[in-house]
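Below is one structure; the comments refer to it alone.
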Amino acid sequence: MRLSRYFMPILKENPKEAEIVSHRLMLRAGMIRQQSQGIYSWLPLGKRVLDKVNAIIREEQNRAGAIELSMPTLQSAELWQESGRYDAYGKEMLRIKDRQDRPMLYGPTNEEMVTDIFRSSVKSYKDLPLNLYHIQLKFRDEIRPRFGTMRSREFMMKDAYSFDLTREGAEHSYNKMFAAYLRTFDRLGLRAIPMRADTGPIGGNLSHEFIILADTGESEVFCHKDFVDFDIPGENTDFDSVEGLQAIFDKWTSLYAATSEMHDEAAFNAVPEGERLSARGIEVGHIFYFGTKYSEPMGAKVQGPDGKEHFVHMGSYGIGPTRLVPAIIEASHDDNGIIWPASVAPFDVVVINMKAGDQACDDTCELIYAALTKAGKDVLYDDTDDRAGTKFATADLIGVPVQIIAGPRAVANGEVEVKDRKTGARETMTIEAAINRFVA
Ligand code: 5CA
């Protein structure tokens, strides 16, 4: 992508409305724009990061055996009347009427709709277990939307829903998502700790929130500090192994970890003082087992091996991609801007032409841009005629992991400078060596 033809509206000044660093940097880097309170457009740079986050979430959901579909944002109120949540959900639900005066709503979550899909076609235990997910916009009319896309009214959610014949089966499904979440957040460059959590309007009595420790987090959390160094389940994790996944779950729940709603002061005080971690955190995922809470009132049942009908045991599993993007920034930035983990960076590399219009600089940059693009890399080429200082500041602000800098003096020697955004280390090398670093 040539910067001269891209749309990346950088802000020079710090926006006054932004209270936390991720919101400030997302606005400054031209990633998002607020359209009305708590409702955001994702501008091209932000959209690239969001897509990469979603790609990792999707890979790990698929690996764990979940199946993607897509459900609409607008839902009929009837389904919610069946489950009894239409009245219970309260003011957070945005209620709408269509031209026939039929009550509709902008979905805050999808338990009812997915249960309706399930009951319409699954009739036998032989079709279980089943886990269906989508990545879709949601709307919750939060009283206090704040911190940009961290707590917005319209936001994206990956929500998965599992269906099993028995409670034991449902616990295995829960453990699959538990392990998939550990892997997902790790691949996003984050350390998320599963903590016992309150179930709120979703319901049930088994629930974990996945929390990233950050000073700007909205939740108060308490945990054993060893969680910070626990091993993450590997790529070869066998998601069909009941014992294997139970062992992962047991290990990751063996020490104290709870959000403030579930906090047990006495149990926490039993942890040796030097091993207690009391901190603030950002909730990036939340998983629930709620048994037959929706299947019973909505009549979602299957025929079991005993020939009788059984209401299915369900769980739901949420991740917030539009919250994860700022959460990653909270965890990874410096005074100059964002530092993206390579896995979600909007571009793999930025090629900075320090003197656009200079034949040798132009030729060198074009050569590198073409070679890296051909090698399948996402390359941003700063071909604008801005001053070098402005270009460096922009490259640092948008956080691309590697910068290849082509200035007249180095280019005259057949060389460029390669800068690592995270460490700031710069290395001068031949043009070929710079290309090979990515191609090899
Ligand atoms: N149905 C269940 C799981 S699929 C559910 O709705 N869970 S939830 O309410 O805990 O939300 C799941 C995730 O969505 C949260 O962990 C969080 O990452 C994200 N999320 C929830 N509310 C917001 C919000 N207002 N802004 C941004 N992300 C949000």
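The values are calculated or read from the model by the stated rules, or taken from the named source; none is laboratory data. Computed from a prediction, not measured in an experiment: that's the story for all the values here. FYI the Cβ positions are ideal-geometry reconstructions off the backbone, even for glycines, and counts take in every protein chain you see. Calculation scope for accessible area: heavy atoms of the full protein, side chains included, ligands and nucleic acids excluded. Shrake-Rupley method; radii C 1.70, N 1.55, O 1.52, S 1.80 Å.
Please report the spacing between the Cα centers of region 26-41 and region 169-198 in Å, no decimals.
29 Å
Highest first, please rank the peptides 92-102, 194-204, 240-250 by the mean number of other Cβ atoms sitting within 10 Å of their residues. All intermediate terms of the calculation are to be shown ahead of the outcome.
Details: 92-102: 11.5, 194-204: 18.0, 240-250: 14.6.
Ranked from most to least packed, the peptides come out as 194-204, 240-250, 92-102.
Tell me the label-point distance for the pair THR430, ASP198, using the 7 Å Cα-to-Cβ offset, in nm and rounded to one decimal.
Reported label-point gap for THR430 and ASP198 is 6.5 nm.
If a paramagnetic tag sat 7 Å from the Cα of ILE67 along the Cα-Cβ line, which residues of region 152-189 would have the backbone N under 12 Å from that point?
Backbone N within reach: 163.
In square angstrom, what is the accessible area per residue of the chain with a 1.4 angstrom probe?
Numbers: 19590 Å² over 440 residues.
With the other protein chains kept in place, the chain gives 45 Å² per residue.
Kindly identify the chain as rounded, prolate or oblate by the Cα gyration tensor criterion: order the square roots of the eigenvalues as a ≥ b ≥ c, call it rounded if a/c is under 1.5, otherwise compare a/b with b/c, prolate if a/b is larger, else oblate. Let's see the in-between values first.
Working: a/c = 1.99, a/b = 1.79, b/c = 1.11.
In terms of gyration-tensor shape, prolate.
Would you mind calculating the gained length between THR166 and ALA375 on full extension (0.36 nm times residue separation, minus the Cα-Cα distance), in nm to one decimal?
70.3 nm
Quick one: pull the percent of accessible area on the chain belonging to carbon and sulfur, 1.4 Å probe, ligands and nucleic acids left out.
47 percent
Taking H placed 1.01 Å from N in the peptide plane, check which residues at least 5 places from HIS333 or on another chain put their amide H under 5 Å from its amide H.
Here the answer is ILE339, since their amide H atoms fall under 5 Å of that of HIS333.
Can you tell me, using C-alpha contacts under 8 Å and at least 6 residues apart, the relative contact order of the chain as a whole percent? Mind dumping the intermediate values first?
Values: 881 pairs, mean separation 73.8, N = 440.
About 17 percent, as a whole number.
With a 1.4 Å probe and all protein chains kept in place, how do SER83, SER76, SER254 rank by accessible area, largest first?
SER254, SER76, SER83
Count the net charge of all other residues whose Cβ sits under 10 Å from the Cβ of GLN75, scoring Lys and Arg as +1 and Asp and Glu as -1.
Values: positive: none; negative: GLU78, GLU112, ASP116.
Residues close to GLN75 contribute a combined charge of -3.
Can you compute the modelled spin-label distance between LYS16 and ASP420, with each label point 7 Å from Cα toward Cβ, in nm?
Placing both labels 7 Å beyond Cα along the Cβ direction yields 4.1 nm.
Using the Karplus equation 6.51 cos²θ - 1.76 cosθ + 1.60 (θ = phi - 60°), what ³J(HN,Hα) coupling, rounded to whole Hz, does each residue of region 104-109 give in order, writing x for Gly and Pro?
My calculation for region 104-109 gives 10, 8, 8, x, x, 5 Hz in order.
Could you list the trypsin sites (Lys or Arg not before Pro) in region 360-440 that lie in coil according to DSSP, counting only those with at most 13 other Cβ atoms within 10 Å of their Cβ? Spell out each step's value before the answer.
Working: sites: LYS374, LYS377, ARG387, LYS391, ARG409, LYS419, ARG421, LYS422, ARG426, ARG437; in loops: LYS377, ARG387, ARG421, LYS422.
The qualifying sites are ARG387.
Run the numbers for ARG95 and ARG437: contour at 0.36 nm per residue of separation, minus the present Cα-Cα distance, in nm.
Working: separation 342, 0.36 × 342 = 123.12 nm, distance 5.40 nm.
Contour length minus the Cα-Cα distance gives 117.7 nm.
Report the local net charge at ASP238: Lys and Arg +1, Asp and Glu -1, summed over other residues whose C-beta lies under 14 Å from its C-beta. All intermediate terms of the calculation are to be shown ahead of the outcome.
Values: positive: ARG63, LYS176, ARG183; negative: GLU235, ASP240, GLU243.
Combined, the nearby Lys, Arg, Asp and Glu give 0.
How much length, in nm to one decimal, is gained on full extension between LYS251 and ARG33, taken as 0.36 nm per residue of separation minus their Cα-Cα distance? Intermediate values should be presented prior to the final figure.
Numbers: separation 218, 0.36 × 218 = 78.48 nm, distance 4.17 nm.
Additional length available on full extension: 74.3 nm.
Mind listing which trypsin sites (Lys or Arg not before Pro) in region 3-39 are in a DSSP loop and have 12 or fewer other Cβ atoms within 10 Å?
Numbers: sites: ARG5, LYS12, LYS16, ARG24, ARG28, ARG33; in loops: LYS12, LYS16.
Of the trypsin sites (Lys or Arg not before Pro), the ones in loops of region 3-39 whose Cβ has at most 12 other Cβ atoms within 10 Å are LYS12, LYS16.
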